[in-house]
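What follows is calculated from the coordinates using simple rules that are stated; it is not laboratory data. Quick caveat: nothing in here was measured; it's all calculated off a predicted structure. Every residue, glycine among them, receives a Cβ derived from its backbone with ideal geometry; neighbour counts consider all protein chains shown.
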Amino acid sequence: MKNKQLGIYVHIPFCVRKCIYCDFLSAPCTRAVQEKYVEAMLGEMQQVAEEQAEILQKYQVFSIFFGGGTPSVLEAEWIAKILLKIRQLFRVSEDAEITVECNPGTIDEHKAQVYFDSGVNRISFGLQSANNTELQMLGRIHTFEEFEESLRIVKAAGFTNINVDLMSAIPGQTVISYKNTVQKVLACDVQHISSYSLIIEEGTYLEEHLEEFPPLPDEDAEREMYAYTKQALQEAGYQQYEISNYAKPGFVCRHNLSYWERTDYLGFGVGAASLFEECRYTNLSDIEQYIQLYTPTETILEAVCNTVKDTKTQSERYAEWRVLSKEEQMEEFMFLGLRKIEGVSQRAFEKKFQVSMQEVYGTVLDKYQKNGLLIIDGDAVYLAPHGIEVSNVIMADFLLT
Amino acid sequence: MAKINQKNIRNFCIIAHIDHGKSTLADRIIEKTGLLTSREMQEQVLDNMDLERERGITIKAQTVRIVYKANDGEEYIFNLIDTPGHVDFNYEVSRALAACDGAILVVDAAQGIEAQTLANVYLALDHDLDVFPVINKIDLPSAEPQRVIDEIEDVIGIEAQDAPQISAKNGINIEEVLEQIVTKIPAPTGDAGAPLQALIFDSIYDAYKGVIIFCRVKEGTVKKGTKIRMMATGAVEEVVEVGYFGAGQFIPCEELSAGMVGYITASIKDVQDTRVGDTVTDNDRPCSEPLPGYKKVNPMVYCGLYPADGAKYPDLRDALEKLQLNDASLQFEPETSIALGFGFRCGFLGLLHLEIIQERLEREYNLDLVTTAPGVIYKVHKTNGEVIELTNPSNMPDPSEIDYMEEPMVSAEIMVTTEFVGSIMKLCQERRGVYIGMEYIEQSRALLKYDLPLNEIIYDFFDALKSRSRGYASFDYEMKGYVKSSLVKLDILINKEEVDALSFIVFSGSAEERGRKMCEKLKKEIPRQLFEIPIQAAIGSRVIARETVKAMRKDVLAKCYGGDISRKKKLLEKQKEGKKRMRQVGNVEIPQQAFMSVLKLDEE
């Protein structure tokens, strides 16, 4: 049987303090709840592994990602325990990429060592900015100096694959301060850098109090920041492989790429999303409900196991659950794939869907090829640099339904 | 029921400036005559369209018959004919007045006489109605009843010392009004045995009964079986039912004879056959001549109405047809716009009429509409001698074929306190007004008379008037006729393509400024797109203004966290949905509201 690739995402919905722009499922929490949550998650893993045992035989785990929230607020031993459980339940490849997201200031020598010893081989830091005023305004708990200290700790522990997340278009941010951040991070010598522009999401503190903050950089400034990232990082030896992601050769993030390539992944934890066998589903977002559902007492486990094929159970277990239609798969193939710099392959499309990309998307491809936003080069279809900047508009045109 | 004695009938209406309390007084009269209990009273019984109640104006004439036992011990039949309250419906007002023998003039005790008060009084006096004044809102702290009484006597010249001083809202002194209706309004005259002569003052369409004619019988008698003929339209039908108006219901009766007000049904299918102002007579025994004053009302303001969703075109047509059943002055014919697709060119009595129809289409028929800039009817005299009436700017002939053009003018009267005379005169000048004269009503108020081009007042003149007089100016106008004028068609080019739905006709001297403002406005309305979009205003091939919508340069998805793809897809779907609400013109997507932006050029 072939080894199909499977990603695993583990959601840790805890943090020290909620940032003003954050609309992810995350909040500060007591140790007792954290412990119950981890137990429940182990229960969920157990249950899924049993339910899907047959199908899972053909899958091999090539990436494990602990995201949040701030996974590093958990005791390091719990991360090790979760990893151990995953290895027991799933076939994890020898060279799997195993990432833990860390917030600067929440990691010490002990944690770093436990991570390293348990097989974690990649650390991702949510730095966002090297400017302490900007960090404070965003509600981040750390300073740039604390980040430097955390970085030193993980490097000393043996980590050689490290990512730093940056953010552009922060209120009050200038092109100069952003450039400064990029320069400082380049000096840190890490293998991977992501830079996202801040999106003001509905319901966040920032959205509700926007007028109290310094003005957002305008479109032109934001564009300059984007252009600068690309140029400075490429000069420093990083390769852009996706709209917002850059890596030194050999350090492309497999977990990240799997989303754009529609590799199957299982999400564990509250609110976690999965793509498994062309079915997308999302876990319940209420932590209490989640804990109740998966705490492995005999009776609950049995009850759920016995009725798992029942749709009622599905609606009880998931916030969303749908089998993707062929059209939806095609849409995803395009709008996710086009986020990659190398774009999508026409042959891969045809092989998967038994219909040519031209037949389905000829008009749209033609339209954007004509105005120079999209490039068709033999088998490859990808966005031109300016097309990337306005990618939402283009991708929306690939929706079929 | 015993036969009604003609001398115990009173046919009257209430006239007033807007907001002076006409409808409230009508409610109180109905309430006090005991036909309805207070509990049954719906606020403002006569205005029964939702829209009318919301806007506080009467759109269609409403009529009610009530019985009043007067102090002299006799019972009187009151026919209260409520008239439309806006200058757009002037002709309807005049026909409703012609159905009355007298009128109650309601004047606000705080505000005194306003432009519409005067216009309505003169209209009533023109119809030989006996008018008696009522001073309303005497309970307001700012009420000055004696000043208003003196003003009525000085300005209008009617006796006002014994005018009832009332509060319609609080029901104060309403009995006095009822008594004066009996004593001051004359009983109708007319011979019940003479050939039938009845005035149509309104008609409505009812799904079961067909057209219901509202009429005032001047001479003769009409009953079930009478073969009636509409003298102007020539339609002949047999009467199915006659009756009078209860509060909100039709009450059949034996016959309607001279002096009475009531309704006739005769299985007529189309209100076009029963035009307001026409005379109903007995086909077998016709009267010698129709009642005076009939005219066919013609629309004065035109605009294009398009469904926002092209697929709703048949729905829009159905809705317009249904509205037309009740509104003979609404006209429409199909037209096609390159930018907007299939729609209708619609004619209205005025801008208010337009707005009402538009709102009813949107509310009652659930249609999402795109409206093009309203315009008036221009007369184009071509060099070959042909004269065309232009209602759609797109149909304007090539300038080389035009000898000259004419535009409609109105005579306007504006009442304003003296401190604002300067700013209102300036406004009228800006709108190409020709000063006719000014009269002082009293020391602090003046009546300004101007001739103004209709196309200068149909957009936002009223708003400008109000804002430049802190809400105090009042305004009334009537059509005056056509004058020669220097007019040009202003075209708007978006991304070098002419957008027909945005073209409008404008006075040549204002073209440049209008063009510039239009471009500025459109620049704000049209969102950034993938390429730069020039917006130009042009007369013929000459570009007179230009703006540019810069290209959109950045629109990137945020971090896709935890593999939550469905959320990102929703974002893209939202984007796609937003595009659907725009009109595709060439490569450019234009939001629907941009087509109406010409209406709001004077907004700061």
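Ranked by the mean number of other Cβ atoms within 10 Å per residue, highest first, peptides A:328-338, B:513-523 order as A:328-338, B:513-523.
Considering only A:D264, A:D108, A:D377, the Gaussian network model of chain A with Cα springs below 10 Å gives its largest mean-square fluctuation to A:D377.
If you plug the beta carbon distance of A:E54 and A:T174 into 1/(1 + (r/R0)^6) with R0 = 56 Å, you get a FRET efficiency near 0.50. Relative to the longest principal axis of the Cα atoms of chain B, helix B:565-580 runs at roughly 70 degrees.
Only helical runs count toward this figure. For the protein assembly as shown, summing -39,500 (n - 2.57) over DSSP H runs of n ≥ 4 and dividing by all residues gives -9500 deg cm²/dmol at 222 nm.
Across the protein assembly as shown, Cα-Cα distances exceeding 38 Å account for 62% of all pairs. Taken residue by residue and averaged, Cβ atoms of other chains lying within 10 Å of the Cβ of A:385-395 number 5.
DSSP beta bridges fully contained in the protein assembly as shown are about 70 percent antiparallel.
The label point for B:E179 and the one for A:A384, both projected 7 Å from the Cα toward the Cβ, are 9.0 nm apart. Charge dipole of chain B (Cα centre as origin; +1 on each Lys and Arg Cβ, -1 on each Asp and Glu Cβ, all else neutral): 2760 debye, rounded to the nearest 20.
Could you give log10 I(q)/I(0) at q = 0.14 Å⁻¹ for the range A:326-396, computed by the Debye formula over C-alpha point scatterers of equal weight, without solvent? Reported log10 I(q)/I(0), two decimals: -0.36.
Counting Cβ atoms of other protein chains within 10 Å of each residue's Cβ and taking the mean over peptide B:568-579 gives 5.
Listed peptides B:354-360, A:70-76, B:524-530 appear in the order A:70-76, B:354-360, B:524-530 once ranked by packing, highest mean of other Cβ atoms within 10 Å at the front.
With kT/(6 pi eta Rh) evaluated at 4 °C and eta = 1.567 mPa s, and Rh the Kirkwood radius from Cα pairs, the range A:6-45 diffuses with a coefficient of 113 µm²/s according to Stokes-Einstein. Relative to the longest principal axis of the Cα atoms of chain B, the long axis of helix B:508-525 makes an angle of roughly 70 degrees. Between the beta carbons of B:D318 and B:Y208, assuming R0 = 25 Å, the FRET efficiency works out to 0.85 to the nearest 0.05. Measuring r between the beta carbons of B:Q272 and B:D463 and using R0 = 35 Å, the FRET efficiency lands at 0.55. With axes computed from alpha carbons, what is the tilt in degrees of helix B:115-126 against the longest principal axis of chain B, rounded to the nearest 10 within 0 to 90? Tilt of helix B:115-126: around 50 degrees. Near A:Q173: Cβ cut-off under 10 Å, other residues only, Lys/Arg at +1 and Asp/Glu at -1. The net charge is -2.
Extension gain, B:V483 to B:R567: 0.36 nm times the residue separation minus the Cα-Cα distance gives 24.0 nm. Each principal axis of chain B carries a Cα extent, and these read 85, 70, 58 Å when sorted largest first. Note on the range B:74-218: dipole from Cβ charges, positive end direction compared against B:S167, B:A207, B:L123; the farthest Cα belongs to B:A207. Of the residues A:C15, A:C102, A:C279, the one that moves most in a GNM of chain A with alpha-carbon contacts below 10 Å is A:C279.
If only the Cβ of Lys and Arg carry +1 and only the Cβ of Asp and Glu carry -1, the dipole of chain A around its Cα centre is close to 1040 debye.
In the range B:338-444, taking the dipole from charged Cβ atoms about the Cα centre, the farthest positive-side position among B:V387, B:L340, B:L361 is held by B:L340. Charged side chains reduced to their Cβ positions (Lys and Arg at +1, Asp and Glu at -1) give the range A:230-293 a dipole of some 300 debye around its Cα centre.
Spin-label model, B:S541 to A:S93: label points 7 Å out along the Cα-to-beta-carbon direction sit 6.7 nm apart. Compute the Cα gyration tensor for chain A, then decide on rounded, prolate or oblate, letting a ≥ b ≥ c be the square roots of its eigenvalues: rounded whenever a/c is under 1.5, prolate when a/b is larger than b/c in the other cases, and oblate in all that remain. Oblate is the answer for chain A, as a/c is 1.5 or above yet b/c matches or exceeds a/b.
The Cβ shell under 10 Å around A:W78 holds other residues with a net charge of -3, Lys and Arg each +1, Asp and Glu each -1.
Highest GNM mean-square fluctuation among A:E359, A:E207, A:E51, for chain A modelled with Cα contacts below 10 Å: A:E359.
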